[in-house]
Amino acid sequence: NTFLPAATVDRLSFHNLQELRHSASLATKVFIQRDYRDGTICKFQTKFPAELDSRIERSLFEETLKTLNCYYAEAEKIGGQSYLEGCLACATAYIIFLCMETRYEMILKKISMYIQEQNEKIYTPRGLLLTDPVERGMRVVSFAKSQDGPAGFGSPSSAHSPARSNQLSP
Amino acid sequence: MHLGVEEPIRECQYNQICTHNSSPMDTPHTKKKKIKRKWQVFQGRNKFYCNGRIMMAKQTGVFYLTMVLILVTSGLFFAFDCPFLASNLTPAIPAIGGVLFIFVMGMLLRASFTDPGVLPRATPEEAADIERQIDTTNGPSGPGYRPPPRTREVLINGQTVKLKYCFTCKIFRPPRASHCSLCDNCVERFDHHCPWVGNCVGRRNYRFFYLFILSLSFLTIFIFAFVITHISIFLDGCTVLEVVVCFFSVWSIVGLSGFHTYLISSNQTTNEDIKGSWSSKRGKGNYNPYSYGNFITNFCAALCGPLPPSLIDRRGFVQPDTPQPAAQTNGSGACPSNQVQSHMCAQDQCIQSTKFVLQAATNPLLHSQTVILGGGAPLQAKTSLGGPCSTLGPSQPSLPSSIPGLSCGGELMALRDSEIHCHHHLHHQHFISPEETPSPPAALPCATHLGHHVHPAQLFDPASQDSLHEDSVRGLVKLSSV
């Protein structure tokens, strides 16, 4: 793997993620709903669901969700930087957004990188797959539980076989 | 109104004739199948333009009226009044007018074309999960028992807010969200549906809407004032039209701007104000939990706050393996057109198997050579086959010795001979008896026999040969039925 160029590794990991996603669509899902106690800001409940009890430690789960909540809070923060961005955009009749990315979008990218990293390090070895809330309209954080236990989302080869067998069977 | 999906529901059938999925004829067919963008399968009653970049409501007639009114009035002003005013008063008048006009048009288009903050509908799994949660909360319902309305209560900033369940979108609406019946979508921080703008006004386009009406009121007052000035100096037919339009616009637009200025400063939506959700008349302790306390912060938050991106991902591609949202009924994404494919598949099999049979009949040795050469040590394989070749004959009683050039060539030839035998029989409409039909197990003893001399993997792959053989036999059977 050390001899492969970086682009190939990225392509491979992307391909693996696609395979994992296909397996995830066949697995059972656990949903973490939004927490509206602080208003309309994006925040997810940190209460540990019983269905994940056997798969992951409570502390790891809470750590992930707290970090996600922090990211979202930072994105929706009303302060100096957001005012500057808003005023500049208004002054240019919002044309500036054709060239520039909003702060919110930049933070969403950081969040998807974080989720990918968390999946690789923590969740996939335990047979779970964490889905980015942005793909679910920010309604839920979903954990896909593989049927095969911790080995389910473990490696691309194991992700391959359920996909192929489903294609062959009519 | 459902957009995009015109294909009828196709049933997934198992067709016994079509045996294999990886035939080369399949791949061009699947490549032709178009991958749809998400806006084409969007479930709300919205119209999309420019391949999903522009999103509007279904009824856009009044929006065009707005455009016409603004363009005509401004056009008449610039054409007839500005030359007079520029020469008599100051050229700054048309300049300021021009800037205002451009700003008004920009804000109008932005408010009309932007996604107001539509919440995508729940996936089937999410909907099922919520149903489960509701059932466990409410308990089992007996016959004749009316289930209570689906609401959840949450404490926000000391105020109890009820979250309602949306039966169309299958979600619990976030606070301040509402379902627009015209667009059939749940919209975040729903203000109102504006026909003049041709879209809902929600979280993502409220600032554009507000800036539009604010700048339009300035433009209207500007034009009105200078037109009156012009008329007082010199009366003109076109100018009178402008006066009439501006007079009526001023009252409505300026009034609306004032109303929304009040709403922003108290951080309320039109929806909440009309319902009186945070009115003190409802109760003593009733207050707006979303307000920041002072009107400056409320203003800045509404106009200069962060702009969240669209949640519906209009231009993304529909993934074939992701579950479609609950309300969608057809499964065209999940189920490929198997009927057409299998029909094509069977024909292709016939064509292929016929080709195979004919090739085998004309060039038996050449064919066997090409298979052997596929692995390593071809020459060795060839020479070693000479030995077992003669011993092969008696083990296959169905081999017709009359067919020339077929006594040699090893395992492959045994298969080919049997095919030709079948073919020969088919043409004479003989029923193929089981012992005459070459069955895959018959090929295996030959494989093990040859294995002594040559590495089987180098020579041929029995499994692939068997499947090919099977395919060609099935193809022949199909041919016979034509």
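Sort B:Trp251, B:Trp39, B:Trp278 so the one with the fewest other Cβ atoms within 10 Å of its own Cβ comes first. Don't jump to the answer; show the numbers that get you there.
Working: B:Trp251 10, B:Trp39 23, B:Trp278 18.
Least crowded to most crowded, the residues run B:Trp251, B:Trp278, B:Trp39.
Cα-Cα over 29 Å: which of B:Lys162/B:Lys281; B:Lys47/B:Lys162; A:Lys29/A:Lys109? The answer is B:Lys47/B:Lys162. The range B:254-311 and the range A:94-137 have Cα centres spaced 31 Å apart.
With neighbour counts taken as other beta-carbon atoms within 10 Å, the residues B:Glu125, B:Glu153 rank, fewest first, as B:Glu153, B:Glu125. As a calculated quantity, the FRET efficiency between B:Val62 and A:Asp53 at R0 = 41 Å, using C-beta atoms, amounts to about 0.15.
Per-residue 3J(HN,Hα) values for the range B:278-287, derived from phi via the Karplus relation 6.51 cos²θ - 1.76 cosθ + 1.60 with θ = phi - 60°, read 10, 6, 6, 5, 6, x, 5, x, 7, 9 Hz in sequence order (x marks Gly and Pro).
Treating only the Cβ atoms of Lys and Arg (+1) and Asp and Glu (-1) as charged, compute the dipole magnitude of the range A:28-145 about its Cα centre; round to the nearest 20 debye. Write out the running numbers ahead of the final one.
Numbers: 17 positive and 16 negative charges, 64 e Å.
Around 300 debye, computed over the range A:28-145.
Pop the C-beta distance of B:Val243 and B:Ala92 into the FRET formula with R0 = 22 Å and round what comes out to the nearest 0.05. Before the final figure, lay out the partial values.
Details: r = 22 Å, r/R0 = 1.00.
The value I calculate is 0.50.
Within 10 Å of the Cβ of each residue in B:100-106, the mean number of Cβ atoms contributed by other protein chains is 1. With 25 Å as the limit, the listed pairs A:Lys43/A:Lys110; B:Lys38/B:Lys275; A:Lys110/B:Lys164 have B:Lys38/B:Lys275; A:Lys110/B:Lys164 beyond it between alpha carbons. When B:Val243, B:Val227, B:Val201, A:Val30 are sorted by how many other C-beta atoms sit within 10 angstrom of their C-beta, beginning with the fewest, the order is B:Val243, A:Val30, B:Val227, B:Val201. Normalised by residue count, the range A:28-145 yields a Cα convex hull volume of 111 Å³ per residue.
Here the Karplus curve 6.51 cos²θ - 1.76 cosθ + 1.60, taken at θ = phi - 60°, turns the phi angles of the range A:69-74 into couplings of 4, 5, 4, 5, 4, 5 Hz, with x standing for Gly and Pro. Binning at 10 angstrom from zero up to the longest distance, how are the C-alpha pair distances of the range B:164-321 distributed in percent? With 10 Å bins starting at 0, P(r) equals 9, 29, 29, 18, 11, 4, 0, 0.
Read-outs throughout are calculated quantities, based only on the coordinates presented, and are distinct from any laboratory measurement. Keep in mind it's a predicted model, so treat the numbers as computed, not measured. With ideal geometry, Cβ positions are generated from the backbone for all residues, glycine too; neighbour counts draw on all protein chains shown.
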